[in-house]
Amino acid sequence: MAFEALTAEQYRELDYDSLIARREVIAGAYDDPENDLAAVEADGKLFKDEIARRNKQAEIRAMKINQVKTDVGKLIEENSPVEHKVAVKRDNSLGTRAWEELKKHGYTRERQFDLSGVSFRAYNDNQTVGELDGENSPNYYDETLTLVDPTIREGYRRELTIWSLFNHETTEKDSVAWYTEGTFDGSAAMTAEAGAFSQIHVNDPVRHSTELKKVTSIWKQSDEILTDAPRFVTHVNSRAAYNLDTVVEDQLISGNGSGNNITGLLNADGILTDTTQSAYNLAFIESLLAKKTLIRKSTPHFNVDTLLVADEDYDTLQLLKNASDQYVLGGPVGVIYGNKVTVGDLLWKSIRIVPTPALSSGTSVLGAFKAGATIYEHVTGRRFDVGYDGTDFSHGLVSFRAYQRLALAVEYPAAFCKFTVGSGGGSN
């Protein structure tokens with residue numbers, strides 16, 4: 001097909017797509033030897049001129065838009081019709097956006113605003129609206145301007161120390177039994193030749209037993225919370241597990257053995273007792289050495305490893321001073337008679353002090369915990385189950401439950417001594 005050149009006026013009438021397509025037509029015309037190359041080159045020049053003209057128009061248009069956004073009180077065209085005259089504050093991007101919103105509602109720059117009957121808040125008036133859901137709910141504007149951290153700050157968590165003090169075993173049974181030596185009647189004696197042998201009698205071993213008891217808890221979560229707030233669910237689950245642990249620790253110490261309670265250490269038959277101490281003072285610390293020796297002689301030579309005290313009584317022991325006004329346990333800087341000591345040094349080289357809220361103030365336990373008693377836990381361990389309870393499914397709820405089965409076997413009661421300490425002063 002023969003090449004048809006266009007005029008400048010024809011180029012101006014082309015839309016954008018047709019103009020771009022014209023480039024291919026010109027390129028193809030150069031390759032056809034039948035075309036007049038001079039005419040093709042002239043048409044190519046018109047094409048380039050039109051492209052340059054349109055680019056210049058776009059540049060001028062952009063400059064005018066920028067003037068509208070930035071000039072203060074300057075008219076774009078002094079002789080232009082009134083409706084095209086504008087005066088805009090410098091760098092007022094917020095004002096520009098506001099004007100665009102007003103135009104959506106049909107306002108023009110020539111239209112006057114009717115301010116009659118419109119009230120404005122004074123600068124010192126409350127600039128917020130009422131609460132959305134009651135007086136204690138967050139204000140909407142406060143929340144939208146607040147960076148909310150979804151992490152829940154935990155409250156008090158007591159240190160769990162009792163569980164680790166004892167020896168541990170597992171069982172598949174519902175109860176645990178063990179035997180202790182029976183009494184020994186008579187004694188061997190030095191005997192003359194042909195003399196009568198000294199008679200003895202070894203009584204049968206004594207059977208002891210305890211049942212595994214169960215500690216439980218159950219709670220519910222909605223489907224929405226499970227899917228929308230997994231961090232919250234994790235927090236609730238971990239807190240429920242902690243709650244289970246605290247109950248177990250309290251039971252290990254003070255469970256009375258009745259009903260669903262295990263028999264805790266303080267209620268085990270045969271443990272030693274001491275009610276002679278008037279206060280947590282030097283006399284009390286010295287009495288520990290005597291009881292340590294008594295425990296060693298009342299058991300298969302067990303060595304005492306722990307003094308369990310209430311939190312408040314631990315503070316009293318830390319503040320304990322001797323007659324020379326020196327802190328017995330090293331004080332706040334760990335110095336005794338000018339010598340550096342490690343705070344928390346073992347009493348009598350082997351007894352560590354373990355504070356716990358599981359004991360009430362005034363009660364302490366000295367003992368060979370690892371050798372003297374065993375926690376028997378069911379092989380299932382601490383269980384967490386998930387399911388539906390009652391109408392949970394039809395109400396969009398999920399039930400969670402946690403439980404644990406255990407028993408405390410105090411196989412050597414004489415390995416422990418319970419101190420009931422008076423409320424006297426903590427001096428020497």
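Among the residues making up region 1-30, those that are surrounded by fewer than 10 Cβ atoms within 10 Å (Cβ to Cβ) and in a helix (DSSP H, G or I) are Glu9, Tyr16, Asp17, Glu24. Residues being among the β-branched types (Val, Ile, Thr), over 24 Å from Thr380 (Cα atoms) and either in contact with a Ser or Thr (Cβ under 9 Å, 6 or more places away or on another chain) or without any contact (Cβ under 8 Å) to a residue 60 or more places away in the chain (or both) are entirely absent from region 209-216.
Let's see how each residue does on (1) outside any helix (DSSP H, G or I); (2) on the phi > 0 side of the Ramachandran plot; (3) surrounded by fewer than 11 Cβ atoms within 10 Å (Cβ to Cβ):
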{"residue": "Tyr156", "(1), (2), (3)": "yes, no, yes"}
{"residue": "Val176", "(1), (2), (3)": "yes, no, no"}
{"residue": "Ser198", "(1), (2), (3)": "yes, no, no"}
{"residue": "Val215", "(1), (2), (3)": "yes, no, no"}
{"residue": "Lys220", "(1), (2), (3)": "yes, no, no"}
{"residue": "Val233", "(1), (2), (3)": "no, no, no"}
{"residue": "Tyr242", "(1), (2), (3)": "no, no, no"}
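For Glu411, the requirement of being under 28 Å from Ser164 (Cα atoms), touching a Lys or Arg at 6+ places or on another chain (Cβ under 9 Å) and of a type in the set (Asp, Glu) is not met. When Tyr179 is tested against (1) within 22 Å of Asn256 (Cα to Cα); (2) without any contact (Cβ under 8 Å) to a residue 24 or more places away in the chain; (3) among the hydroxyl-bearing types (Ser, Thr, Tyr), exactly one condition is not met: (2).
Restricting region 369-405 to residues that are of a type in the set (A, V, I, L, M, F, W, C) and under 28 Å from the mean Cα position of the chain (by Cα), which is farthest from Leu307 (Cα to Cα)?
Start the filter on region 369-405 by keeping residues that are of a type in the set (A, V, I, L, M, F, W, C), which leaves 369, 371, 373, 375, 379, 384, 386, 393, 397-398, 400, 402.
Right, trim to under 28 Å from the mean Cα position of the chain (by Cα) and you get 384, 386, 397-398, 400, 402.
On the way: Phe384: 34, Val386: 40, Leu397: 47, Val398: 44, Phe400: 38, Ala402: 31 Å.
Result: Leu397.
Under the condition of being in contact with a helix residue (DSSP H, G or I) (Cβ under 7 Å, 6 or more places away or on another chain) and surrounded by fewer than 18 Cβ atoms within 10 Å (Cβ to Cβ), the residues counted in region 334-361 number 3. Name, by its number, the condition in (1) part of a helix (DSSP H, G or I); (2) in contact with a strand residue (DSSP E or B) (Cβ under 6 Å, 6 or more places away or on another chain); (3) surrounded by fewer than 17 Cβ atoms within 10 Å (Cβ to Cβ) that does not hold for Asp389. Only one criterion in (1) part of a helix (DSSP H, G or I); (2) in contact with a strand residue (DSSP E or B) (Cβ under 6 Å, 6 or more places away or on another chain); (3) surrounded by fewer than 17 Cβ atoms within 10 Å (Cβ to Cβ) is unmet by Asp389, namely (1). Among the conditions (1) out of contact with any strand residue (DSSP E or B) (no Cβ under 8 Å at 6 or more places or on another chain); (2) over 14 Å from Lys418 (Cα atoms); (3) assigned to a helix (DSSP H, G or I), Asn237 misses just one, which is (1). Looking for something farther than 17 Å from Ser254 by Cα, of a type in the set (A, V, I, L, M), at pLDDT 90 or above and buried (at least 20 other Cβ atoms within 10 Å of the Cβ) - is there at least one such residue anywhere in region 394-412? Checked region 394-412: no residue is farther than 17 Å from Ser254 by Cα, of a type in the set (A, V, I, L, M), at pLDDT 90 or above and buried (at least 20 other Cβ atoms within 10 Å of the Cβ).
As a summary of the residue check, Asn203 satisfies the conditions (1) modelled with pLDDT under 95; (2) surrounded by 12 or more Cβ atoms within 10 Å (Cβ to Cβ) except for the one numbered (2).
Only a single criterion out of (1) in contact with a helix residue (DSSP H, G or I) (Cβ under 8 Å, 6 or more places away or on another chain); (2) part of a strand (DSSP E or B); (3) of a type in the set (A, V, I, L, M) is not satisfied by Ala371, namely (2).
The values are calculated or read from the model by the stated rules, or taken from the named source; none is laboratory data. Note that the structure is a prediction, hence the values are computed from the model and not measured. Using ideal geometry, Cβ is built from the backbone for each residue, glycine included, and neighbour counts are taken over all protein chains shown.
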